[in-house]
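The values are calculated or read from the model by the stated rules, or taken from the named source; none is laboratory data. Bear in mind the structure is a predicted one, so any value in this text is a computation, not a measurement. Every residue, glycine among them, receives a Cβ derived from its backbone with ideal geometry; neighbour counts consider all protein chains shown.
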Amino acid sequence: MGEVKKEDILDILAGYDKSEITIATLGSHTSLHILQGAKEEGFRTAIVCEKGREVPYDIVNEDVQQQLRDMNAIVVPHGSFVAYAGLDNVEDKFNVPMFGNRDVLRWEAERDKERALLVEGDVRIPFKYNDPSEIDRPVMVKFPGARGGRGYFVASSPEEFDAKIDAMKARGWLDDSDVEAAHIEEYVSGCNYCIHYFYSALDDKVELMGMDTRYESSIDGFVRMPAKDQLDIDLSPSYVVTGNHPAVIRESLLPQVFDIADKLTESAKKLVAPGLNGPFCMQTLVNDNLEVICFEISARTDGGTNTFMDGSPYSYLTYGKPMSMGRRIALEIKNGIERDELEKIIT
Ligand code: ADP
């Protein structure tokens with residue numbers, strides 16, 4: 001767990017007044033339902049942001065950490081929290097109790113580790129090519145740090161791969177080290193479902209909380225153009241998420257939806273003990289053979305959970321009342337306090 005030690009966090013937790021716990025997070029990403037859900041379950045809440053402005057504040061700052069501990073805070077990590085605080089700081093300097101497994105955050109952030117989790121669990125993933133010369137069908141080429149799919153491209157042969165790489169190099173978009181690190185995988189022609197789950201470490205149970213699909217620029221605008229015009233303009237699409245649509249998946253696919261989550265949960269127990277803890281998301285593509293193929297995971301609350309702040313069709317089936325991901329987190333913390341098992345869900 002980096003330089004932050006679980007024993008130290010448990011010491012801090014032992015000093016907390018459990019009747020006065022505050023649920024805290026950084027003011028961004030999924031914080032609206034994290035706090036709404038916390039209130040719904042009767043907790044006090046705190047949000048870290050710069051006074052007067054809705055921009056992120058340095059949450060790793062010692063004063064902020066002290067203030068958080070003083071209010072018995074349990075911090076809920078989300079995508080922006082990790083991005084702004086920095087993974088190294090979260091592992092080495094953030095001495096405030098956090099909900100979930102701190103160690104798993106690195107496993108979702110690094111492509112090799114993320115892949116290892118999926119391979120170990122035998123989850124169906126896009127076929128990976130080790131060398132461009134092996135390209136024998138449409139592939140998606142991804143680069144490190146190319147957030148939002150900027151610069152990602154599709155190619156169908158080694159020649160097309162080389163031509164596109166050369167064009168990008170000529171424009172100064174890539175250098176040799178990027179090309180070395182290029183990740184080449186099978187292009188899955190299918191529909192996108194980002195599936196949000198909650199793993200209860202208290203009950204050793206996975207719950208399906210909701211699903212969304214992404215609305216990505218420029219690709220989703222691009223495909224509204226007639227095919228002839230798409231061919232005429234020389235535009236390489238990017239996949240920058242600009243919003244999300246709530247979704248439900250074909251009912252007969254639900255067994256696969258549960259199966260991939262159970263597999264990931266088991267592999268995480270082996271590779272990054274004690275495993276997943278709380279929200280996670282599997283980003284999938286479903287092809288016309290009705291296979292659910294996972295191309296990415298998040299091991300914390302994912303932005304797509306904002307599509308079900310008042311509950312989803314799936315969380316409704318389980319709970320029969322509005323249950324956002326934020327509220328589910330708060331409920332787990334409440335159960336942890338009631339059963340005196342907070343140490344199972346805090347790091
Ligand atoms: P990033 O995390 O850098 O934004 P992703 O891996 O999520 O990149 O990919 C961005 C988008 O590209 C996805 O939302 C999806 O639409 C598309 N995509 C990713 N991998 C594949 C694939 N193997 N086949 C087809 N489309 C893909």
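The figures follow:
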read-out: Helices (runs of 4 or more DSSP H) within the range 62-169 that include 1 or more residues over 20 Å from residue 284 (Cα atoms) and within 13 Å of the ligand (Cβ to nearest atom); value: 79-85
read-out: Identity of the residue in the range 199-242, among the aliphatic types (A, V, I, L, M) and farther than 30 Å from residue 99 by Cα, that ends up surrounded by the most Cβ atoms within 10 Å (Cβ to Cβ); value: 219
read-out: Yes/no for residue 202 being in a loop (DSSP other than H, G, I, E, B) and among the hydrophobic types (A, V, I, L, M, F, W, C); value: yes
read-out: Per-region count, the range 170-199, residues part of a strand (DSSP E or B) and within 16 Å of the ligand (Cβ to nearest atom); value: 10
read-out: Selection status of residue 249, surrounded by fewer than 20 Cβ atoms within 10 Å (Cβ to Cβ) and part of a loop (DSSP other than H, G, I, E, B); value: yes
read-out: Residues (within 23 Å of residue 164 (Cα to Cα) and of a type in the set (A, V, I, L, M)) located in the range 222-271; value: 223, 225, 227, 231, 233, 235, 240
read-out: Residue list for the range 262-293, restricted to those being touching a strand residue (DSSP E or B) at 6+ places or on another chain (Cβ under 7 Å), within 16 Å of the ligand (Cβ to nearest atom) and farther than 11 Å from residue 104 by Cβ; value: 281, 282, 283, 284, 285, 286, 287, 292, 293
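Yes/no per residue for (1) in contact with a helix residue (DSSP H, G or I) (Cβ under 6 Å, 6 or more places away or on another chain); (2) modelled with pLDDT of 95 or more; (3) surrounded by 13 or more Cβ atoms within 10 Å (Cβ to Cβ):
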position: 73; (1), (2), (3): no, yes, yes
position: 76; (1), (2), (3): yes, yes, yes
position: 85; (1), (2), (3): no, no, yes
position: 108; (1), (2), (3): yes, no, yes
position: 111; (1), (2), (3): no, no, yes
position: 125; (1), (2), (3): yes, yes, yes
